[in-house]
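Only the coordinates and a few stated rules stand behind these numbers; no lab work does. Here the structure is a predicted model, which is why all the values come from computation and not from measurement. Backbone-built Cβ (ideal geometry, glycine too); neighbour counts: all protein chains shown.
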Amino acid sequence: MQNFNELSRQFSAFFDHQQFYGSPQTLYDPVNYFLTIGGKRIRPVLCLMGNQLFGNINPDAWEVASAIELFHNFTLIHDDIMDKAPLRRGKQTVHIKYGKSTALLAGDVLLIKAYEALNRIDKNLLHRILSLFNETATQVCEGQQLDMDFEKRTNVTYDEYLNMITLKTSVLIAASLKMGGILGGGSLGNLELLFEAGKKIGLAFQVQDDYLDAFGNTEKFGKQIGGDIKSNKKPFY
C-alpha cells in the first residue's frame, strides 16, 4: 500500500502534463497559470487512497482524482473573486493578474474540464460517481453562500459555523475518499465510514486554520463563532 507522499508524486506526474491549449490564448493562459502555482492536492490523493483501501488502484481513479482537483481549482478562482483576494499561494490571483471577467471564464473552463474527466471513466461506475460529485458540488456552493451571508451578521452561532465549513470544505474531502472507495468496490457500510472520516478530517483542518489565523486578523472568525475572535482565513487547501 502506497503512502500519501508516494501517491501525491504519482498524481502530480499524471495531472501536471494536462496543459490546456486552445484559442483564445487569453483564456487558456490564465487556466494553466493557476494550475501551476502549487497546492497540496490533498483531495485527489485522498481519492486514490480511498480506492487503495480496497485493492489495486482502478485506472479510472486517476480521472476522478483529476476531476476533483479541477473542480477544487474552479472553486478557488471564483472564491478569490468573491473575497477580492489579491494573492493565492503567494501568487497573484487570476482576477488580479488577468481581470475579473477572464477569471470567471477560466474557472468555468476548469469546471467543464472536470466533467470531461469524469466522462472518461467506466460507464458502469459513472452514475454513482457523477451523482456524488454533483451533490457535493451543490453543497460547496451552499457553503460558499452561507459564508458570504455570515459576513453580514454579527451573531452567527457555533453550530451554524460548523455547518458552513462542513459544506464549504469538509464535504469535498469526504466525497473524495468515498469516490475512491466506490472505484475500489467498497461496501456501502465502508463507504459511509469513509465519508464520515473525511468530514471530520475537513472540519479539523478548517477549524485549525481558522483558529491559527485568528491571531493575525480577528474580524470574520468572531462573527462565525459568536465570540470576540475574528478571522478572514480562506478554506483549507
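To make sure I understand, if each residue's beta carbon is the centre and we count other beta carbons within 10 Å, what order do Met82, Met164 fall in, fewest to most? Walk me through the numbers on the way to the answer.
Values: Met82 13, Met164 21.
With the fewest neighbours first, Met82, Met164 line up as Met82, Met164.
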- Message: Could you list Leu87, Leu53, Leu76 so that the one with the fewest beta carbons within 10 Å of its beta carbon is first and the one with the most is last?
- Response: Leu87, Leu53, Leu76
- Message: Tell me which chymotrypsin sites (Phe, Trp or Tyr not before Pro) from region 33-82 have a DSSP coil assignment and no more than 12 other beta carbons within 10 Å of their own.
- Response: none
- Query: What do you get for Rg/Rh over region 68-120 if you use C-alpha atoms and the Kirkwood form of Rh?
  - Reply: 1.01
- Extending each Cα 7 Å along its Cβ direction at Leu212 and Tyr21, get the distance between those two points in nm, one decimal. 4.0
- Message: Taking 0.36 nm per residue of sequence separation and subtracting the Cα-Cα distance, how much length would be gained by fully extending the chain between Tyr33 and Leu193, in nm to one decimal?
- Response: 53.9 nm
- Task: Can you bin region 1-87 into rounded, prolate or oblate? Criterion: square roots of the alpha carbon gyration tensor eigenvalues sorted a ≥ b ≥ c, rounded for a/c under 1.5, prolate for a/b above b/c, oblate for the rest.
- Result: prolate
- Task: Could you please report the charge total around Phe15, scoring K, R as +1 and D, E as -1 over all other residues with beta-carbon less than 10 angstrom from its beta-carbon?
- Result: -1
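Filter the chain for me: DSSP H helices, axial length by Cα at least 20 angstrom, mean Kyte-Doolittle hydropathy not below 0.5. List them by residue number. Write out the running numbers ahead of the final one.
Details: long enough: 60-83 (34 Å, 0.20); 100-118 (28 Å, 0.89); 123-150 (41 Å, -0.22); 188-213 (38 Å, 0.09).
Helices passing the filter in the chain: 100-118.
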- Query: Among the trypsin sites (Lys or Arg not before Pro) within region 1-66, which fall in a DSSP loop and have no more than 16 other Cβ atoms within 10 Å of their own Cβ?
  - Reply: Lys40
- Item | region 64-183 - Rg (one decimal) and Dmax (whole number), Cα, Å | 15.6, 48
- Relative contact order [Cα under 8 Å, 6+ residues apart], the chain, whole percent: 21
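Over all directions, average the projected area of the Cα convex hull of the chain and note it in nm². Present the calculation step by step, with values, prior to reporting the outcome.
Working: hull surface 50.5 nm².
About 12.6 nm², averaged over all directions.
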- Per-residue ellipticity at 222 nm for the chain, helices alone: DSSP H runs ≥ 4 residues times -39500 (n - 2.57), over residue total, nearest 500 deg cm²/dmol? -23000 deg cm²/dmol
- Mind listing the long-range amide H neighbours of Arg88? Cut-off is under 5 Å, sequence gap 5 or more, other chains count too, H placed in the peptide plane at 1.01 Å from N. Thr93
